[in-house]
Amino acid sequence: MSGGGPVRLLHVAPWIRTTGGVETLLARHAQADAALGFDARQLALFDRTSGATDDAYATQGFSWRSTPRGMQAAMARACAARAGSVIAWHNAWGLPWFAPADGSSRRIACLQDSVTHFGPLLPGLAGWVDGVTCLSAAAARSIRAGLPELPPERVAVMPLPIAAPPGLSATRPARDEWVIGCAGRLVRAQKRWDRLVPFVAELRRLGVRHRLEIISDGPLRPWLEKRLGADPAIRFLGWQTRDDYWKRMQDWDAAVSFTDHEGGPIVLLEAMAAGVIPLYPAVGGSLGDECAPLVDPRCLYPAGDAVAAARVLAELRAAPPAELEAMRSRAQAVARTHSPEEYEQAFARLVRAVTAGPRLSRPPGGVRPGRLADWLPLGLLTRVWPAALGR
């Protein structure tokens, strides 16, 4: 590719106008892409309504009733309006389905989950991408091994961006009752907030005085409220404004995650920026696996073991104040390396490298050959054949 004008860029993601880590990244792109020299648009696959006030965003509004064949035809029409774009496929959802008719000049797979999640998808990306972004060194190693046709410089680790307010403190008052924070959509799949129940039970058994603040909401909330009981030490606060979110974090002593797989998560870094000690499961291949032990090796607990997380918290709580202060300072130091500006420049460098070099991916060549499964509703197809999305 050549030419002195802005690079045409199209972001494609399952959801854009909802709450989540990928959606936060895309909001950042919407603010910064033009200044980076991109003529950028965003296309959601499943957002229900656009709510857009300009032409920079659209949604296909796909649902469980949609069929792959119908989705392919709709995506071919949508991408035709941006023919010649570099397409950034966020988490590569359905990329092998849509790439044959995407009209792209180059393709970049932005893999924002952990190796546990995207590892099985890598064979389906072979030959379809010109570059890949990820969030950890472990993820980059897995991608380079799984896609050996890509030069090493076309697999780039992105610093997950956080926009923390100024003046955050690592100091906490000396107190017997620790404030433990949780943030993220209250669901069982992936986030595994059901593990909060054995975590709290173990804290109670150990006699750890605590107050639990849950900044989020979701379908699992009634289930959690029923099982955790009417305990005044547990507060379901729902979604917070940005200012209230950061004020709450400034009072937390520790933050806990129970996830099964994650690329970041961004809430982990945000908590660390506020001087919070993280407790994160060793899921493998995530940014959390790399960052939590930099605060203290004990902060990375065995994956899936909520009881172990509670015991680690009890051990950390008993540490001398000076040791806790040092942990909080290390947490903030790690978070400072993840500024929005660092992420934006790293992403721009990869796009420019991919556009300046030869195309490595298969060019668009029309809709791929049909299969019987292409006429099945998406909800049914993904239940009986979950790997279909990567084929």
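The values are calculated or read from the model by the stated rules, or taken from the named source; none is laboratory data. None of these values were measured; they are calculated from a predicted model. Cβ placement follows ideal geometry from the backbone for every residue including glycine, while neighbour counts extend to all protein chains displayed.
Observations
- Annotation: THR259 fulfils all but one of (1) in a helix (DSSP H, G or I); (2) polar (S, T, N, Q); (3) touching a strand residue (DSSP E or B) at 6+ places or on another chain (Cβ under 9 Å); the unmet one is (1).
- Residue list for region 187-222, filter: among the basic types (Lys, Arg), farther than 23 Å from HIS117 by Cβ and crowded, with 18+ Cβ neighbours inside 10 Å: ARG211
- Qualifying residue in region 216-228 (condition: at pLDDT 95 or above and within 20 Å of SER169 (Cα to Cα)): no
- Residue count for region 357-391, restricted to those that are at pLDDT below 95 and exposed (fewer than 15 other Cβ atoms within 10 Å of the Cβ): 18.
- Where TRP97 falls short, out of the listed (1) at pLDDT 90 or above; (2) over 21 Å from the mean Cα position of the chain (by Cα): (1)
- Within region 4-44, if we keep just the residues that are of a type in the set (Val, Ile, Thr) and closer than 19 Å to ALA346 by Cβ, the residue that is surrounded by the fewest Cβ atoms within 10 Å (Cβ to Cβ) turns out to be THR24.
- Summed over region 57-83, the residues that are assigned to a loop (DSSP other than H, G, I, E, B) and within 22 Å of the chain's Cα centre (by Cα) give a count of 4.
- Highlighted here are the helices (runs of 4 or more DSSP H) found entirely within region 274-349 that include at least 2 residues which are in contact (Cβ under 8 Å) with a residue 60 or more places away in the chain and touching a Cys at 6+ places or on another chain (Cβ under 9 Å): 321-336.
- Within region 127-141, tally of residues that are of a type in the set (A, V, I, L, M, F, W, C), more than 19 Å from GLU342 (Cβ to Cβ) and touching a helix residue (DSSP H, G or I) at 6+ places or on another chain (Cβ under 6 Å): 1
- Summed over region 262-273, the residues that are part of a helix (DSSP H, G or I) and either without any contact (Cβ under 8 Å) to a residue 24 or more places away in the chain or within 14 Å of the chain's Cα centre (by Cα) (or both) give a count of 5.
- Answer residue from region 167-186, given it is closer than 26 Å to SER286 by Cβ and small (Gly, Ala, Ser) and is surrounded by the fewest Cβ atoms within 10 Å (Cβ to Cβ) among those: ALA170
- Inside region 77-93, residues that are under 18 Å from ILE143 (Cα atoms) and out of contact with any Cys (no Cβ under 6 Å at 6 or more places or on another chain) make up a count of 4.
- Filter result for SER85 (polar (S, T, N, Q) and surrounded by 22 or more Cβ atoms within 10 Å (Cβ to Cβ)): yes
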